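Here's the structure, in structure tokens; my notes come after.
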Amino acid sequence: MSYSLLSFFLALCAASKAADAASFLFSDCRTFASISLELLYCISFIFLTYHAIIFQKKGGDFIIGWLIKLNTTNEYFSLIVSLSGIFGFILSVWLLIKSNSINKTLKIISQKEDYNKNRNLFADRFSGFKDSILQDNDHSSRLFHSILEDVYRVEKEFHSIFSIHDKWTFLLIKHELKKDSRNIQKICTYLDYVTARLRIKED
């Protein structure tokens with residue numbers, strides 16, 4: 001009984017996440033899987049809990065008597081029922097994993113679209129920050145906190161599309177900007193990298 005409930009719960013989670021994430025990508029597949037799961041759960045529930053049901057046989061109830069005999073005497077029939085329950089559980093887990101994968105893919109696609117729309121804007125801002133440091137000799141805390149704010153914003157909004165090296169550079173520039181005694185040359189070098197990275201369009 002608990003096995004059937006666990007399978008049913010996993011199926012509900014998978015179906016819910018799949019509907020929210022990518023209903024337009026695999027609606028037909030999900031519909032087929034949902035119908036198959038429902039049928040499997042019905043069969044499994046009926047026969048796995050059959051022993052708890054008490055029948056009062058009446059004269060002429062040939063079909064009920066035949067089912068009782070089949071369920072209690074035929075080992076192959078019981079095996080098929082058990083295997084159908086196991087298959088339903090495996091299908092539930094697979095559907096849950098697949099929906100999570102599609103959800104992540106859609107999130108990356110959405111971030112890439114936003115990135116391509118705003119990348120040049122952020123690149124111009126970081127380039128302007130570097131000009132303020134080198135040309136205007138502005139080493140004020142206000143400027144460095146403005147840089148830090150934009151770094152956090154870019155990293156937060158587009159974190160899924162950045163490589164490990166990109167994220168490492170963000171970590172280094174944040175560490176340098178938070179120091180009381182900042183290395184201006186390092187900060188400008190990091191700003192060069194961030195600006196160049198933001199000029200690259202994502203496919």
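The values are calculated or read from the model by the stated rules, or taken from the named source; none is laboratory data. Keep in mind that what you see is a predicted model, and the values were worked out from it rather than measured. Note: ideal-geometry Cβ built from the backbone for every residue, glycine included; neighbour counts use all protein chains shown. Heavy atoms of the whole protein, side chains included, go into the accessibility calculation; ligands, DNA and RNA do not. Shrake-Rupley method; radii C 1.70, N 1.55, O 1.52, S 1.80 Å.
In table form, for the structure just shown:
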quantity: Hits in the range 100-117 - residues which are within 15 Å of residue 201 (Cα to Cα), of a type in the set (Ser, Thr, Tyr) and under 18 Å from the mean Cα position of the chain (by Cα); calculated: 110
quantity: Residue among 157, 113 that is modelled with pLDDT under 95 and surrounded by 14 or more Cβ atoms within 10 Å (Cβ to Cβ); calculated: 157
quantity: Evaluation of residue 136 against (1) under 16 Å from residue 153 (Cβ atoms); (2) not in a helix (DSSP H, G or I) (one fails), failing number; calculated: (1)
quantity: Subset of the range 118-139 [within 31 Å of the chain's Cα centre (by Cα) and among the small types (Gly, Ala, Ser)]; calculated: 123
quantity: Count of residues meeting criterion [in contact (Cβ under 8 Å) with a residue 40 or more places away in the chain and of a type in the set (Phe, Trp, Tyr)] in the range 156-172; calculated: 1
quantity: Flag if residue 152 is free of Cβ contacts under 8 Å to residues at least 60 places away in the same chain, among the hydroxyl-bearing types (Ser, Thr, Tyr) and open to solvent by 90 Å² or more (accessible area, probe 1.4 Å); calculated: yes
quantity: Meets criteria (over 15 Å from residue 118 (Cβ atoms), free of Cβ contacts under 8 Å to residues at least 40 places away in the same chain and not β-branched (Val, Ile, Thr)) for residue 180; calculated: yes
quantity: Output for the range 160-190, where each listed residue is under 16 Å from residue 130 (Cα atoms) and open to solvent by 80 Å² or more (accessible area, probe 1.4 Å); calculated: 185, 186
